[in-house]
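The values are calculated or read from the model by the stated rules, or taken from the named source; none is laboratory data. Just so it is clear, the model here is predicted, and its values are computed rather than measured. Note that each Cβ is placed from the backbone with ideal geometry, even for glycine, and that neighbours are counted across all protein chains shown.
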Ligand code: KG4
Ligand code: ZN
């Protein structure tokens, strides 16, 4: 009988300290996430120094819990995968050093994983991947359309030229005095309002799969300020609904266009904004018309930052024989296209 394969994932690129263990590349044995949101909330965003300090405090606790929940010991691990970038450098270093220590102490391979590769591979914990596929990655730091023709091969066909979708959500939420992170609050409000306010959609040049959300964000801020100056009130629900409609319209339209152009078999939704109810519903609706293309939408717990996705991406590197060495470092600007 083939021996089970155990891979640990560690994720500390932003404000979640996460450790997970997966079995045979696709089964989650444990997936522990310690969120720091409460500590950053009063600053309206993530404070890098606070994030690093929390990671240091939480790392061994989360690690122990992940091992206990999986019912194995560190000695059972076949490899250790860790997010090596992009992200906050001080935060990344905590995870990278924890992974290096385990790799060295237990003489197991170290696998540096790109955070976005992790978000995409969260989908492999849901279903097997079918190539060619397209992934719509929408997170706090990234908005990208990624074409994959095989495992570990990432071609970015479109990306944001300014704000990421999640960043726009968080900034608009701030304008509406909603707590950080604002995405879920805007999402909730949007369902209580009507998209009655005319807001721009940045389609960019003909044929471009790039995105731009800063104009939309500024339009929302201007709408609020102009109304204040005129002494008018705008219903925040309607503004949230109008903003969300604009974001979703662009994301869904560009995704569908790319699906047709690149004749993909599967579309994977990935990243924190993939938790958005409006986006999930709009994509599901749009895909009803497309024959022969599977749409995969991971459960909410696998959309936002977690370490199971890092272990899942790491298992592919492990299978391919790709290894990092102990010189692995946190790289805030790590490129996805060169990571294969
Ligand atoms: O992927 P993620 O957990 O962290 C990054 O890698 O950036 O994404 C976090 C982002 C935040 O901007 C948050 O506001 C957004 O995901 N988000 C949402 C929703 N839930 C989280 N945005 C829109 N609607 C949601 N329901
Ligand atoms: Zn993320």
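Among all positions in the range 47-68, there is at least one residue which is assigned by TED's automatic domain parsing to the domain that holds residue 84 and not in a helix (DSSP H, G or I). The residues of the range 256-275 that are in contact (Cβ under 8 Å) with a residue 12 or more places away in the chain, more than 16 Å from ligand 1 (Cβ to nearest atom) and either on the phi < 0 side of the Ramachandran plot or in contact with a strand residue (DSSP E or B) (Cβ under 7 Å, 6 or more places away or on another chain) (or both), listed by number, are 256, 257, 258, 259, 262, 264, 265, 266, 267. With the condition kept exactly as written, say whether any residue in the range 289-304 is touching a residue at least 40 places away in the same chain (Cβ under 8 Å), within 16 Å of ligand 2 (Cβ to nearest atom), over 23 Å from residue 132 (Cβ atoms) and surrounded by fewer than 16 Cβ atoms within 10 Å (Cβ to Cβ). Among the residues of the range 289-304, at least one is touching a residue at least 40 places away in the same chain (Cβ under 8 Å), within 16 Å of ligand 2 (Cβ to nearest atom), over 23 Å from residue 132 (Cβ atoms) and surrounded by fewer than 16 Cβ atoms within 10 Å (Cβ to Cβ), which makes the answer yes. Restricting the search to helices (runs of 4 or more DSSP H) fully inside the range 252-340 and requiring at least 2 residues that are farther than 24 Å from residue 160 by Cα and at pLDDT 95 or above gives 308-320.
Looking across 218, 196, 208, one residue alone is assigned to a helix (DSSP H, G or I), over 16 Å from the mean Cα position of the chain (by Cα), surrounded by fewer than 18 Cβ atoms within 10 Å (Cβ to Cβ) and not assigned by TED's automatic domain parsing to the domain that holds residue 13. It is 218.
Of the numbered conditions (1) surrounded by 22 or more Cβ atoms within 10 Å (Cβ to Cβ); (2) in a loop (DSSP other than H, G, I, E, B); (3) more than 9 Å from ligand 1 (Cβ to nearest atom), residue 181 fails exactly one; give the number of that condition. Unmet for residue 181, out of (1) surrounded by 22 or more Cβ atoms within 10 Å (Cβ to Cβ); (2) in a loop (DSSP other than H, G, I, E, B); (3) more than 9 Å from ligand 1 (Cβ to nearest atom): (3).
So that you can scan it fast, the table gives a plain yes or no per residue for (1) farther than 20 Å from residue 218 by Cα; (2) away from ligand 1 (no atom under 15 Å from the Cβ); (3) assigned to a loop (DSSP other than H, G, I, E, B):
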{"site": "117", "(1), (2), (3)": "yes, no, no"}
{"site": "134", "(1), (2), (3)": "yes, yes, no"}
{"site": "152", "(1), (2), (3)": "yes, yes, yes"}
{"site": "157", "(1), (2), (3)": "yes, yes, no"}
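There is no residue in the range 62-75 that is within 17 Å of residue 326 (Cα to Cα), surrounded by fewer than 17 Cβ atoms within 10 Å (Cβ to Cβ) and without any contact (Cβ under 8 Å) to a residue 24 or more places away in the chain.
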